[in-house]
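Worksheet: one structure, shown below.
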Protein chains: 2
Amino acid sequence: MSKQKKVKQLNPSLSVDCAIFGFDGSELKLLLIERSVESCTKKLLTLPGDLIFDGEDLDTAASRVLKELTGLKNIFMKQVRAFGDPKRLKKREDQAWLRSIRAKPEERVVTIAYYSLVNMNDYTPKPSSFAQSARWVNLDKSTDLAFDHQEIAFAAFDQLKINLKNHPIGFNLLPVKFTFSDLQKLYEVILGRTLDKRNFRRKMLKLKLVEPLNEKEEEGVPHKRSQLFQFNTSNYVLLLENGFDNFGF
Amino acid sequence: MSKQKKVKQLNPSLSVDCAIFGFDGSELKLLLIERSVESCTKKLLTLPGDLIFDGEDLDTAASRVLKELTGLKNIFMKQVRAFGDPKRLKKREDQAWLRSIRAKPEERVVTIAYYSLVNMNDYTPKPSSFAQSARWVNLDKSTDLAFDHQEIAFAAFDQLKINLKNHPIGFNLLPVKFTFSDLQKLYEVILGRTLDKRNFRRKMLKLKLVEPLNEKEEEGVPHKRSQLFQFNTSNYVLLLENGFDNFGF
DNA sequence: TTTACAGTGTGTCCAAATGACACTTAGACA
DNA sequence: TGTCTAAGTGTCATTTGGACACACTGTAAA
């Protein structure tokens, strides 16, 4: 009765990749790591991702890999979809990296992509494992990713935009107390266009997802101090479950 | 130089499963196959699905597997997502079947689910391979599926409903020429509720997706003969690409 | 030939939602 | 005291959504 089977073994055909979007109040960023290639000075810029273990649950694997590479934990991620193009890892420089670290670098790997949204200020990435660095990169500058990670990032962002319209997503991106401007900026960044202040307020309040606090924080700003809001958790949960139809800005 | 690598080899960790929805003019059906278990009289009722080959593209694999098991070909399928729960194939009766056919029946298999919509009348399933039978089953009677196929079918149906609201989906379900009633019935079946005839017509015509033909077909119906419509292909393609916001009934 | 039947096809009204638009106010600072 | 910055607020015209009822056409049966 060997315990051989209990030993964790990487499955050479399966990986997860995580597209973590962060918001700092004005710009949308993507969490990327660098992987160095032995024979080359250039580093690969990629999403955090790695092979998963035999018998490891997909969601669990995504959380584990993200934590191993970037130190981020307790982040709720949602699956985007699987990417399995046989050529997805076949570029020259990608193969160089794979040969330096994988038992079977030639193997086709199907990767399950995940995405999430976090408040950048709450999470400071700390690279480890084969991640040389882990940092937030402006979404519009996140180009030249290795493997098919550009495609994965786009797909994840599309998913984000779609879900933004049907779910009260994006609230994890803001601090507990926030202003209406914060909220609106977030929506503008994700949707990629400006919104009318009054119309935005009207719609958002109708949903009853946010409620005013008795605080007018922000000391020392060179303008009128703004009302602070928080999320109404009970309505939030309710809408999370049901989605909601009319949320088009 | 052995050609070993060129030999197609099944990957024991990867499969595809296809949720094919069919419409016969009044009810929504799901295409299911039966798999017989050697030691048992009871058959497993499942979605068409099987392991994929090393290096085989996912979309290609889905088409191949569907054809092998049911004879259906040239069906455009869309990926739902991956299912990889380590326990997804561990039920007693599921294991019995797997032991009879798989080299590694204990192995955790990640399956990539696909879905599609077809006009039932255009496709008559012909079982082959390990499919004992292949037939259309009423969606509400498609219960008691083996493995985690019930969950997959639900997820695929959810996807269908969501896409119905944002894309001109469901048109593959109808014959080239169709009446407004046909179209409306389709929507009612998928959405699971009745719609107002006049409002439906108004909205649908605004999209300019359908256009009237100079034919009032249907001979010998015990009522006024109805106008036939067809899809406006150019607008159809346009909307397929962009999706469209206002399609909520 | 008359009648019953079944599904087609059409218009209006009201309520709600949407989008466009501009000025006053609070607070900081020079 | 004036200037700057962002906050905060209301109206109107248009579009959209849902609710609602009756006459028409062709068939079949009495």
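If you add up the charges near A:ALA61, with Lys and Arg at +1 and Asp and Glu at -1, over every other residue whose beta carbon is less than 13 angstrom from its beta carbon, what do you get?
Working: positive: A:LYS8, A:ARG64, A:LYS67, B:ARG108; negative: A:ASP17, A:ASP50, A:ASP54, A:GLU56, A:ASP57, A:ASP59, A:GLU68, B:ASP85.
Surrounding charge for A:ALA61 is -4.
Suppose R0 equals 60 Å; then what is the FRET efficiency for B:SER128 and A:GLU27 from their Cβ-Cβ distance, rounded to the nearest 0.05?
Details: r = 55 Å, r/R0 = 0.92.
With R0 = 60 Å, the Cβ-Cβ based efficiency is 0.65.
With a 1.4 Å probe, how much accessible area is buried between chains A and B, both sides summed, in Å² to the nearest hundred? Each step should come with its number before you reach the end.
Details: alone 14020 and 14030 Å², together 26470 Å².
The summed interface area works out to 1600 Å².
Looking at chain B as a GNM with Cα springs under 10 Å, which of B:LEU31, B:LEU238, B:LEU44 has the largest mean-square fluctuation?
B:LEU238
How big is the charge dipole of chain B about its Cα centre, in debye rounded to the nearest 20, if each Lys and Arg gets +1 on its Cβ and each Asp and Glu gets -1 on its Cβ?
Using Cβ point charges on Lys, Arg, Asp and Glu, chain B gives about 100 debye.
Could you give the dipole magnitude of region A:137-249 about its Cα centre, charging the beta-carbon of Lys and Arg +1 and that of Asp and Glu -1, in debye to the nearest 20? Before the final figure, lay out each step's value.
Working: 16 positive and 15 negative charges, 148 e Å.
With only Lys, Arg, Asp and Glu charged at Cβ, the dipole is about 700 debye.
Which FRET efficiency value, to the nearest 0.05, is calculated for B:SER39 and B:GLN9 with the Förster distance at 22 angstrom and r the Cβ-Cβ distance? Don't jump to the answer; show the numbers that get you there.
Numbers: r = 28 Å, r/R0 = 1.27.
With R0 = 22 Å, the Cβ-Cβ based efficiency is 0.20.
Please give the residues from region B:122-171 for which the solvent-accessible area of heavy atoms, probe 1.4 Å, is smaller by at least 10 Å² with all protein chains in place than with the chain isolated.
B:LYS165, B:ASN166
GNM, chain A, Cα, under 10 Å: largest mean-square fluctuation among A:LEU186, A:LEU164, A:LEU213?
Result for chain A, Cα springs under 10 Å: A:LEU213 fluctuates most.
Got a sec? Which residues of region B:31-78 lose 30 Å² or more of accessible surface with every protein chain in place, vs. that chain alone, 1.4 Å probe?
B:GLY55, B:ASP57, B:LEU58
State in Å² the accessible area per residue of chain A; use a 1.4 Å probe, count heavy atoms of protein chains only, and round to the nearest integer.
Ligands and nucleic acids excluded, the result is 53 Å² per residue.
Angle, helix A:58-70 long axis vs. longest principal axis of chain A, Cα atoms, 0 to 90°, nearest 10?
Between helix and principal axis, roughly 90 degrees.
With θ taken as phi - 60° and the coefficients 6.51, -1.76 and 1.60, list the Karplus ³J(HN,Hα) couplings across region B:152-163 in order, rounded to whole Hz; mark glycine and proline as x.
Rounded to whole hertz, the list is 5, 4, 4, 4, 5, 5, 4, 4, 4, 5, 5, 5.
What's the local net charge at B:LEU173, with K and R +1, D and E -1, over the other residues with C-beta under 13 Å away? List each step's numbers first, then the result.
On the way: positive: B:LYS29, B:LYS185; negative: B:ASP24, B:GLU27, B:ASP122, B:ASP182, B:GLU188.
Residues close to B:LEU173 contribute a combined charge of -3.
When only DSSP loop residues count, what trypsin sites (Lys or Arg not before Pro) in region B:130-239 have their Cβ near at most 10 other Cβ atoms within 10 Å?
Working: sites: B:ARG135, B:LYS141, B:LYS161, B:LYS165, B:LYS177, B:LYS185, B:ARG193, B:LYS197, B:ARG198, B:ARG201, B:ARG202, B:LYS203, B:LYS206, B:LYS208, B:LYS216, B:LYS224, B:ARG225; in loops: B:LYS177, B:ARG193, B:LYS208, B:LYS216, B:LYS224, B:ARG225.
Within region B:130-239, the qualifying trypsin sites (Lys or Arg not before Pro) (loop, at most 10 other Cβ atoms within 10 Å) are B:ARG193, B:LYS224.
So, with +1 on the Cβ of K and R and -1 on the Cβ of D and E, and no other charges, what is the size of the charge dipole of the protein assembly as shown about its Cα centre, to the nearest 20 debye? Could the numbers behind the result be given before it?
On the way: 80 positive and 64 negative charges, 8 e Å.
Taking the Cα centre of the protein assembly as shown as origin, the dipole is about 40 debye.
Once amide H atoms are built 1.01 Å from N in the peptide plane, which residues 5 or more positions from A:LEU117, or in another chain, come under 5 Å H to H?
Under 5 Å from the amide H of A:LEU117 lie the amide H atoms of A:PHE21, each far enough along the sequence or on another chain.
Bin width 5 Å, origin at 0, all Cα-Cα pairs of chain B: what percent of pairs per bin?
Histogramming chain B at 5 Å steps yields 1, 6, 12, 16, 17, 13, 11, 9, 6, 4, 3, 1, 0, 0, 0 percent.
Take B:PHE76 and A:ARG198, extend 7 Å from each Cα along the Cα→Cβ direction, and tell me the distance between the two endpoints in nm.
4.4
What translational D, rounded to a whole number of µm²/s, comes out for region B:88-180 from Stokes-Einstein when the hydrodynamic radius is the Kirkwood one over Cα pairs, at 37 °C and 0.692 mPa s?
Numbers: Rh = 16.0 Å.
Translational D for this selection: 205 µm²/s.
Cα extents of region A:171-242 along the three principal axes, largest first, in whole Å?
Answer, in whole Å and largest first: 41, 30, 21 Å.
Could you run the Debye sum over the Cα atoms of the protein assembly as shown, one equal point scatterer each and no solvent, and tell me log10 of I(q)/I(0) at q = 0.13 Å⁻¹, two decimals?
Results for the protein assembly as shown at q = 0.13 Å⁻¹ read -1.35.
Roughly how tilted is helix B:233-242, in degrees to the nearest 10 and between 0 and 90, from the longest Cα axis of chain B?
Around 60 degrees separate the two axes.
Got a sec? Which residues of region B:96-117 lose 30 Å² or more of accessible surface with every protein chain in place, vs. that chain alone, 1.4 Å probe?
B:ARG108, B:VAL110
Ignoring ligands and nucleic acids, what accessible area does A:ILE101 show with a 1.4 Å probe (Å², nearest 10)?
Roll a 1.4 Å probe over it and A:ILE101 shows about 80 Å².
At a 1.4 Å probe radius, carbon and sulfur cover how many percent of the accessible area of region B:10-166?
Working: 3270 of 6730 Å².
Of the solvent-accessible surface of region B:10-166, carbon and sulfur hold 49 percent.
Points 7 angstrom from Cα along the Cβ direction at A:GLU211 and B:GLU151: gap in nanometres?
It is 3.5 nm.
Counting only residues 5 or more places away or on other chains, whose amide H sits under 5 Å from the amide H of B:VAL210 once H atoms are built in the peptide plane?
Amide H neighbours of B:VAL210: B:ASN232.
Report relative contact order for region A:171-242 in percent, whole number only (criteria: Cα-Cα under 8 Å, sequence separation at least 6). Write out the running numbers ahead of the final one.
On the way: 63 pairs, mean separation 23.4, N = 72.
Dividing the mean separation by the residue count of region A:171-242 yields 32 percent.
Taking a point 7 Å out from Cα toward Cβ as the label site, list the nm distances between A:ASN235 and the same residue in every other copy, smallest first.
Label-point distances to the other copies, shortest first: 3.7 nm.
7 Å along Cα→Cβ for the label point: how many nanometres lie between B:ASP24 and each equivalent label in the other copies, listed shortest first?
Copy-to-copy label distances for B:ASP24: 6.1 nm.
Pick out, from B:ILE162, B:LEU58, B:PHE147, the residue whose Cα sits farthest towards the positive end of the charge dipole of region B:58-194, with +1 on the Cβ of Lys and Arg and -1 on the Cβ of Asp and Glu.
So the residue furthest toward the plus end is B:LEU58.
5 Å is the cut-off here: which amide hydrogens, built 1.01 Å from N in the peptide plane, fall below it relative to A:LEU145, excluding neighbours closer than 5 in sequence?
Hits under the 5 Å cutoff: A:GLN150.
Report B:SER129's accessible area, 1.4 Å probe, all protein chains in place, as a number in Å² to the nearest 10.
Roll a 1.4 Å probe over it and B:SER129 shows about 80 Å².
Over region B:171-242, with every protein chain in place, what whole percent of the accessible area is carbon and sulfur at 1.4 Å, could you tell me?
Values: 2400 of 4750 Å².
Using a 1.4 Å probe with all protein chains present, region B:171-242 comes out at 51 percent carbon and sulfur.
Using the alpha-carbon centroid of each, what span in Å lies between region B:114-171 and region A:32-66?
35
The values are calculated or read from the model by the stated rules, or taken from the named source; none is laboratory data. These figures come from a predicted structure and were not determined experimentally. Cβ sites come from the backbone with ideal geometry, for glycine too, and all protein chains shown count toward neighbours. In case anyone asks, the SASA skips ligands and DNA or RNA and just uses the protein heavy atoms, side chains included. Shrake-Rupley method; radii C 1.70, N 1.55, O 1.52, S 1.80 Å.
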